């Protein structure tokens, strides 16, 4: 049933490209801090090499993943097959936050289709890949992406999104540093 892989081969990459949703989990160093698990969707996930993946981090109400990665770098991505044969794959690794203007951002953002409201890229050096059966994961029919976040970002405009980020994404729920504060002209 369970298997581990040294790298993302073409067969696994093809399966990953078929998934419409993934989950991101991180935790702070402190036993008192909140563990975070976030669902992600849209066309935001990319395989950059056999041991490197990245996803677009879109503007949201919280900034837990960014804060946890800045503190300790630990991250896991989980994908489940909701269609077809059962399967769960987890990508454990060390994550890095690439904010606009940071080293590597411009090069990495070119791997993605533009989506309004991007606040950073989460880059992950994968150290362990494991799959498991997924026999109890239910089957769901994919009906499409929600457009709410994209419409919100377009309506706010680039400066409005940046204002939102500066007012809501500088600290995590535990008070850890989130996004870097920057002027509205950035």
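Using equal-weight Cα scatterers in the Debye expression, the normalised intensity of segment 71-186 in log10 at q = 0.23 Å⁻¹ is -1.28.
Provide the packing ranking of 56-65, 36-45, i.e. peptides ordered by the mean count of other C-beta atoms within 10 Å per residue, highest first.
Values: 56-65: 20.1, 36-45: 15.8.
The densest-packed peptide leads the list: 56-65, 36-45.
Taking Cα atoms, how many degrees apart are the long axis of helix 148-168 and the longest axis of the chain, rounded to 10 and kept between 0 and 90? Relative to the chain, helix 148-168 is tipped by roughly 60 degrees. Here is how the number arises for the chain: DSSP H runs of 4 or more residues each give -39500 (n - 2.57), the sum is divided by the residue count, and the result at 222 nm is -7000 deg cm²/dmol. Put simply, when 73-81, 130-138 are sorted by average Cβ atoms within 10 angstrom per residue, most first, you get 73-81, 130-138.
The modelled label-to-label distance for the pair residue 125/residue 4, using points 7 Å beyond Cα in the direction of Cβ, is 1.8 nm. The value given for segment 1-85 is a Kirkwood hydrodynamic radius of 14.4 Å, derived from the mean inverse Cα-Cα separation.
Label separation (residue 11 vs residue 83): 2.2 nm, computed from points 7 Å beyond Cα along the C-beta direction. Spatially, segment 111-133 and segment 144-186 are offset by 19 Å when compared through their Cα centroids. In plain terms, the C-alpha convex hull of segment 3-168 casts an average shadow of 10.5 nm² when viewed from every direction.
No lab work stands behind these numbers, since they all come straight from the coordinates. Worth saying up front: this structure is predicted, and the values here are computed from it rather than measured. Note that we place each Cβ from the backbone using ideal geometry, even for glycine, and neighbour counts take in every protein chain shown.
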